[in-house]
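S.K.: Questions regarding the structure given below will be posed in turn.
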Amino acid sequence: FRKRCLRTLFNSVYVILVLIAAVVTYSMVSDLIHSMNNPVHSVHFDKVVEYDAPGEYYYYIISCNFMFYYYYYYFFFFYRQLDLENRNCTFSEVSYIDPHYPNLTRDALVVRGPTSFSKREAIFLHFELEDNTRDFFTVSYFVFPEWDSFNISLDRGAELVNYHRYVPTFALSAGLRMWIKLIMSEKDMFDGSKVTDFNVEYSVVRFYDRRPPDVSNTTHLFFIFFEWKNDIIERSYLIYTTTPWSIGAGLCGVFLTLHRGFQIAQTSYRRVQKDKQRRSIRKRTLRELRQLS
Amino acid sequence: FRKRCLRTLFNSVYVILVLIAAVVTYSMVSDLIHSMNNPVHSVHFDKVVEYDAPGEYYYYIISCNFMFYYYYYYFFFFYRQLDLENRNCTFSEVSYIDPHYPNLTRDALVVRGPTSFSKREAIFLHFELEDNTRDFFTVSYFVFPEWDSFNISLDRGAELVNYHRYVPTFALSAGLRMWIKLIMSEKDMFDGSKVTDFNVEYSVVRFYDRRPPDVSNTTHLFFIFFEWKNDIIERSYLIYTTTPWSIGAGLCGVFLTLHRGFQIAQTSYRRVQKDKQRRSIRKRTLRELRQLS
Amino acid sequence: FRKRCLRTLFNSVYVILVLIAAVVTYSMVSDLIHSMNNPVHSVHFDKVVEYDAPGEYYYYIISCNFMFYYYYYYFFFFYRQLDLENRNCTFSEVSYIDPHYPNLTRDALVVRGPTSFSKREAIFLHFELEDNTRDFFTVSYFVFPEWDSFNISLDRGAELVNYHRYVPTFALSAGLRMWIKLIMSEKDMFDGSKVTDFNVEYSVVRFYDRRPPDVSNTTHLFFIFFEWKNDIIERSYLIYTTTPWSIGAGLCGVFLTLHRGFQIAQTSYRRVQKDKQRRSIRKRTLRELRQLS
């Protein structure tokens, strides 16, 4: 009876060890799968000396005369600081079909964005619109990465349609000075692609019109600045919290420990068995000796 | 003397192994606790076909006539594109007591927000206010999730008070067209709850009033649009960088290695002991042989 | 021949085990380096009872009369709610040289920011400017942390120059009411330093000027509010997804397992060798017996 009891104990230890191995393996593998499905973004805030020039894109919901960079109305107090006349601005004009309203052809102006924060490079745009039949005078715009690759592209219209479909558009208003600060972030996406996002923060300043009423009622003015908010790009990389290697190594450790536990159980079981055998042999020997004597 | 030296060596090896085990265990357990207290957000950017309708909530700091959707002033150039007349808008009126100023009763208008980005669904609200005694004409608003559950709720006032307490409120201005883009994010919080956040980005466009001065001085107009910025929801899940399983598995590996190291030290110690015994036995035997001869 | 074959097999097992050890070690160490170079931010959203007072800093691109807190134009409907007269506001005036335009001396006003969200503490600033030669009337501002340490500093000018160099500046506009909501976040940086960031969200409301034209054309008014958006600080800590300890523990597990595998291979190789020896001994014995008989 005691022998059967011991064997049951030994077997149950074995079963428990196998169960522990199964539970641990299951938990660690499900941890691994969970962590593989939920990678984490490691965000680096990198200083840049010079940005790649972004493109800035405008389309006229209204028709307007574009006067660019070299002209502005009356008296402009940033004049002396920004030294506008001595700078150049690159732009191109493109027309394409709106992806959201297929029967609408858009005439767009695409401007090369600023590249340097440290030199406080700002793109200043000044539009003038003659119209007195509307309540709102707006120019829509969006920002897209890589002006340079856009500029040498053969089908600029198709590229703009593509951007227009996905990139959020914003409105610029006549009668307000919009000072737009660009913020750039780059992200590794789950599908392996890389995405460049632009965020904008802007300050709005009211325009005080001091022209005579007959002009100010028919000619509306836009004042738009673009510059970088700071010299920091936010780059985020995907990181997995657990890797198959570490899970594999962990499982090695667990299995070995259980194997070792099993060995110890086996050894002690055998020792007990041997002790019994010895004891029974000794008993038998003693009995035989007694019978002999 | 050499024997004592050897024993000391052996004991010190043992002590070192125990110390290593203690240090490793402490470090790994403190890593685990640190990682358990600092879970990390795994952010997924998921495309949605249709959003759940959010609620948009307005309260009048001023009294005003509300004209909704089917009426707007004069000439509105978005008319043709947005096809306003053919759409329906769901809303409800609620009055409740302000949680921040207990002696103030608010009359609020709650509107069902847009759901579809791909169809460019926009909620357009047009308010008219007759008043010429103020310097600022504003409507406050906030956005909250789940219009549908709000709409079937029995005590809408209590729900609004609850939102009003925690959700940031913003101001809409007369004389400006506010085009508000909604951005939604869902977060798993540390306490196990789920939080839906709304961010707004807006474009401000100045309103050019071309009504006769006696009207434009007393009747003020609000133009408000709500739409989704894009079809992407940011969902973030809490992830632990380390789990008890992996720490346990790692400790198994370390302990086993130390155990193995101890065994090797023990074995070599015993071998040295045996060698000595043999050598001393051999010496004794040689001495006895010499004495015999 | 069979013996050589067996030895080759045993050696190749040995080589394979060593190769596995090398590959696993390389992978895990490169995982470790990758994770050490890409720490992850653990973001906590902590409720605060009271904020440390931030500093708010204004500089006049224009000259203007500053009228602070106790005076405002005409009729102001927030009057009763905010109880402006009974509150105090701390400020200091500093002049320093602009870091971006070295020949420009700035006269700045630095104001102690709000600290309590729950009491809806708001800083209200009212500026008045007499000038009719400009198109835009703006006040630039930025927000910096720790008013208190700034206030007791000996060289406030140097501190402001330092902030001015790195902190983004925004513009406040005359003729608009700017209601600015502060959002604070604290970040552990890679280099061990701690950075406090301020984000601002603002609501713009148009100012309806009902003063007589000869006054409203020459005297321009600024209305600026600062308050906290909510009582939540975003604190982010750097977390490493893998630590040297866990990699070390994992390697322990892997090496032990390979060691164990090597032992088993060795044991079985020896057993085969012994079996062969025994068999050959038995054969020899049988042959000798046959020769004897």
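S.K.: Out of the residues in the stretch A:209-222 meeting the condition of being surrounded by 13 or more Cβ atoms within 10 Å (Cβ to Cβ) and either aromatic (Phe, Trp, Tyr) or within 13 Å of chain C (Cβ to nearest Cβ) (or both), tell me which one is nearest to C:ASN132 (Cα to Cα).
M.R.: Checked the stretch A:209-222; the qualifying residue nearest to C:ASN132 (Cα to Cα) is A:ARG210.
S.K.: Here is a follow-up. Would you tally the residues in the stretch C:248-272 being away from every other protein chain (no Cβ under 14 Å) and either farther than 24 Å from C:TYR14 by Cβ or in contact (Cβ under 8 Å) with a residue 12 or more places away in the chain (or both)?
M.R.: Of the residues in that region, 4 qualify.
S.K.: A further question follows. Of (1) in a strand (DSSP E or B); (2) in contact with a Phe, Trp or Tyr (Cβ under 9 Å, 6 or more places away or on another chain), C:THR241 satisfies all except one. Which?
M.R.: (1)
S.K.: Name the single residue that is surrounded by the fewest Cβ atoms within 10 Å (Cβ to Cβ) among those in the stretch A:173-183 being hydrophobic (A, V, I, L, M, F, W, C) and free of Cβ contacts under 8 Å to residues at least 60 places away in the same chain.
M.R.: Here the answer is A:ILE183.
S.K.: Tally up the residues in the stretch A:223-236 that are surrounded by 21 or more Cβ atoms within 10 Å (Cβ to Cβ) and closer than 17 Å to A:HIS126 by Cβ, please.
M.R.: Of the residues in the stretch A:223-236, 3 are surrounded by 21 or more Cβ atoms within 10 Å (Cβ to Cβ) and closer than 17 Å to A:HIS126 by Cβ.
S.K.: Something else about it: Right, C:PHE226: part of a loop (DSSP other than H, G, I, E, B) and either modelled with pLDDT of 85 or more or of a type in the set (A, V, I, L, M, F, W, C) (or both) or not?
M.R.: Spelling it out, it is not the case that C:PHE226 is part of a loop (DSSP other than H, G, I, E, B) and either modelled with pLDDT of 85 or more or of a type in the set (A, V, I, L, M, F, W, C) (or both).
S.K.: If you check every pair at least six apart or on different chains, which have Cβ atoms under 7 Å apart with a residue in the stretch C:110-121 that is within 14 Å of another protein chain (Cβ to nearest Cβ) first and a residue that is of a type in the set (A, V, I, L, M, F, W, C) second?
M.R.: Between residues of the stretch C:110-121 that are within 14 Å of another protein chain (Cβ to nearest Cβ) and residues that are of a type in the set (A, V, I, L, M, F, W, C), the close pairs are C:PHE117/C:TRP228.
S.K.: Going through the stretch C:34-62 one residue at a time, which ones are at pLDDT 80 or above, surrounded by 12 or more Cβ atoms within 10 Å (Cβ to Cβ) and not in a strand (DSSP E or B)?
M.R.: C:HIS34, C:SER35, C:MET36, C:ASN37, C:ASN38, C:PRO39, C:VAL48, C:GLU50, C:TYR51, C:ASP52, C:ALA53, C:PRO54
S.K.: Report yes if B:GLU186 is open to solvent by 30 Å² or more (accessible area, probe 1.4 Å), modelled with pLDDT under 85, more than 30 Å from C:ARG211 (Cβ to Cβ) and more than 13 Å from chain C (Cβ to nearest Cβ), otherwise no.
M.R.: So B:GLU186 does not fit the description; no.
S.K.: Looking at B:ASN88, B:ASN65, B:ASN162, which is the one that is at pLDDT 80 or above, among the polar types (S, T, N, Q) and open to solvent by 10 Å² or more (accessible area, probe 1.4 Å)?
M.R.: After applying the criteria, what remains is B:ASN162.
S.K.: Another question, then. Quick one: how many residues across the stretch C:125-141 are at pLDDT 75 or above and buried (at least 20 other Cβ atoms within 10 Å of the Cβ)?
M.R.: Residues in the stretch C:125-141 being at pLDDT 75 or above and buried (at least 20 other Cβ atoms within 10 Å of the Cβ): 8 in total.
S.K.: Scan the stretch A:237-267 residue by residue and report those that are open to solvent by less than 10 Å² (accessible area, probe 1.4 Å) and over 27 Å from B:PHE255 (Cβ atoms).
M.R.: A:ILE239
S.K.: Would you call A:VAL13 surrounded by 15 or more Cβ atoms within 10 Å (Cβ to Cβ), under 34 Å from the mean Cα position of the chain (by Cα) and at pLDDT 80 or above?
M.R.: no
S.K.: Restrict the check to the stretch C:213-221 and report whether at least one residue is in a strand (DSSP E or B) and either within 40 Å of the chain's Cα centre (by Cα) or of a type outside the set (Ser, Thr, Tyr) (or both).
M.R.: Yes, the conditions are met somewhere in the stretch C:213-221.
S.K.: Return the total of residues in the stretch B:268-293 being assigned to a helix (DSSP H, G or I) and open to solvent by 70 Å² or more (accessible area, probe 1.4 Å).
M.R.: Going through the stretch B:268-293 one residue at a time, the tally reaches 17.
S.K.: Another question about this same structure. I need the full set of residues from the stretch C:1-56 which are of a type in the set (S, T, N, Q) and under 30 Å from C:TRP245 (Cα atoms), in order please.
M.R.: C:THR25, C:SER27, C:SER30, C:SER35, C:ASN37, C:ASN38, C:SER42
S.K.: Test of understanding: among C:PHE198, C:PHE170, which residue is touching a residue at least 12 places away in the same chain (Cβ under 8 Å), crowded, with 17+ Cβ neighbours inside 10 Å and more than 9 Å from every other protein chain (Cβ to nearest Cβ)?
M.R.: From the options C:PHE198, C:PHE170, the qualifying one is C:PHE198.
S.K.: I've got another one for you. Among the candidates B:SER216, B:SER246, B:SER280, B:SER268, single out the residue that is small (Gly, Ala, Ser) and not assigned by the TED database to the domain that holds B:SER30.
M.R.: Of B:SER216, B:SER246, B:SER280, B:SER268, the one residue that is small (Gly, Ala, Ser) and not assigned by the TED database to the domain that holds B:SER30 is B:SER216.
S.K.: Next up: In this structure, is C:ARG206 over 25 Å from the mean Cα position of the chain (by Cα), assigned by the TED database to the domain that holds C:TYR26 and either of a type in the set (D, E, K, R) or open to solvent by 50 Å² or more (accessible area, probe 1.4 Å) (or both)?
M.R.: no
The values are calculated or read from the model by the stated rules, or taken from the named source; none is laboratory data. What you see is a predicted model; the values in this text were computed from it and never measured. We place every Cβ from the backbone using ideal geometry, glycine too, and count neighbours over all the protein chains shown. Quick note on the areas: whole protein, heavy atoms, side chains included, nothing else; ligands and nucleic acids left out. Shrake-Rupley method; radii C 1.70, N 1.55, O 1.52, S 1.80 Å.
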